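Worksheet: one structure, shown below.
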Amino acid sequence: MSTESTPTTESHLRLVWIYPDLLSTYGDRGNLLILARRAALRGLGVECVEVRSDSVLPEQGDIYLLGGGEDGPQAMAAQRLAADGGLHRAVVRGAVVFAVCAGYQLLGESFFAKGVQYAGLNLLDIRSDRGPSRAVGELAGEVNSALGIPTLTGFENHGGRTHLGPQAHPLAKVSVGVGNDGTTEGAWRGRVLGTYSHGPALARNPALADLLLLWATGITPAPIDDTWPERLRRERLTAVTSR
Ligand code: GLN
C-alpha cells in the first residue's frame, strides 16, 4: 500500500482509506481489501492509498473510505477533515464516499463524543445524539429498493443515535438491531453512503461493494463467483433471524 497519491492512468481505480491511525477499529479496513479485490477481479487497475491524519487528503480519489472509531479519535478525525477540506472538494467532483459508524456520524451536521457536541462535515443530512444504551450486536435490514441490493447484514457497536433530515435517504429498514434509531439504518445521498454496519460491511454485503464500484466507474460490474460470500451471508442471516 502506498501512503501518497501517485499519478495513475485513467483505468486505475483510486481507493483512499482515510485516517487509519484514528478510524480503523472493528476491522473496517476490510472494506478497502474487498473493494480492491472485487475491482481487480473485473480487470480494473487498483491503487490503494492510506492517508494518516497528519497528511493531506488526496483529492483525486475515486472511492474514499472511513471506518469506525472511539469517541476521541472520531472528534479528532472530524476536525482534521474539516480543516483539510479535501473530502468536500472530492465529493463536489463526484467521488464516492463509504463511511462506517464513527465515519458515518462525522459526515453529518453534528455528533456527540464524550458528552460534547462536535460539528460534522455536512456531507450528509444527518445529525447524531446519544442513545439510552450502547447498541451492540447483530444488525440486519431491508435495503431501500432504489439501490437494488439484498438484505443488509452486519455487526453494530455504537452509543450514538442518528436522525435523518429530508435530504438523506435511509439505507435500510431495520429488522434486527438498532442502526440509526431502531427503525432505519444508514443513509445515502448522491454517491455518499454511510452505515453502522461493521463486519466488515463490504465482506458481508458484496452487492454493496459492487454498487460503490458502479457509482465510481459508471459500469455495472460483471458477475463473479460469490459462492463463499453468499454462504456466509446465508449463515449469518439465518442465525440472526432464527433467534
Ligand atoms: N463513537 C461512536 C459511538 O459510539 C462510533 C462508534 C463506532 O465507530 N463503532 O456512537
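The values are calculated or read from the model by the stated rules, or taken from the named source; none is laboratory data. Since we're looking at a predicted model, the values are computed, not measured. Positions of Cβ are backbone-derived with ideal geometry, glycine not excepted, and every protein chain shown enters the neighbour counts.
The residues of region 49-77 that are crowded, with 20+ Cβ neighbours inside 10 Å and more than 16 Å from the ligand (Cβ to nearest atom), listed by number, are Val49, Glu50, Val51, Leu57, Gly61, Asp62, Ile63, Tyr64. Out of all the residues in region 182-204, is one or more more than 19 Å from Leu65 (Cβ to Cβ) and either part of a loop (DSSP other than H, G, I, E, B) or of a type outside the set (Ser, Thr, Tyr) (or both)? Taking every residue of region 182-204 in turn, at least one turns out to be more than 19 Å from Leu65 (Cβ to Cβ) and either part of a loop (DSSP other than H, G, I, E, B) or of a type outside the set (Ser, Thr, Tyr) (or both). Can you tell me which residue among Thr162, Thr227, Thr241 is within 16 Å of the ligand (Cβ to nearest atom) and β-branched (Val, Ile, Thr)? It is Thr162. Could you check region 205-243 and list, in sequence order, the residues that are modelled with pLDDT of 95 or more, part of a loop (DSSP other than H, G, I, E, B) and more than 24 Å from Thr162 (Cα to Cα)? Gly218, Ile219, Thr220, Pro221, Ala222, Pro223, Ile224, Asp225, Asp226, listed by residue number. Close Cβ contacts (under 9 Å, 6 or more residues apart or on different chains) running from residues in region 23-46 that are within 16 Å of the ligand (Cβ to nearest atom) to residues that are hydroxyl-bearing (Ser, Thr, Tyr) comprise Leu23/Ser53.
Out of curiosity, is Gly190 away from the ligand (no atom under 16 Å from the Cβ), of a type outside the set (Asp, Glu) and on the phi > 0 side of the Ramachandran plot? Before you say what the answer is, go through the steps one by one.
Working: away from the ligand (no atom under 16 Å from the Cβ): yes; of a type outside the set (Asp, Glu): yes; on the phi > 0 side of the Ramachandran plot: yes.
The answer is yes for Gly190.
Within region 148-190, being under 26 Å from Leu213 (Cα atoms) and aliphatic (A, V, I, L, M) holds for Ile149, Leu152, Leu164, Ala168, Leu171, Ala172, Val174, Ala187.
Tell me which residues, restricted to region 178-187, are touching a residue at least 60 places away in the same chain (Cβ under 8 Å) and either surrounded by fewer than 24 Cβ atoms within 10 Å (Cβ to Cβ) or more than 16 Å from the ligand (Cβ to nearest atom) (or both). Quick ask: steps written out before the conclusion?
Within region 178-187, the first condition is being touching a residue at least 60 places away in the same chain (Cβ under 8 Å), and the residues that meet it are 186-187.
Scanning region 178-187 gives no hits.
Among what's in region 68-123 and is of a type in the set (Asp, Glu) and touching a helix residue (DSSP H, G or I) at 6+ places or on another chain (Cβ under 9 Å), pick the residue that is nearest to Asn157 (Cα to Cα). Among residues in region 68-123 that are of a type in the set (Asp, Glu) and touching a helix residue (DSSP H, G or I) at 6+ places or on another chain (Cβ under 9 Å), the one nearest to Asn157 (Cα to Cα) is Glu70.
Taken over region 50-65, residues that are of a type in the set (A, V, I, L, M), closer than 16 Å to Arg89 by Cβ and assigned to a strand (DSSP E or B) amount to 2. Filtered by the rule that a residue be assigned to a strand (DSSP E or B), within 11 Å of the ligand (Cβ to nearest atom) and surrounded by 22 or more Cβ atoms within 10 Å (Cβ to Cβ), region 93-124 gives Ala99, Val100, Phe111, Ala113.
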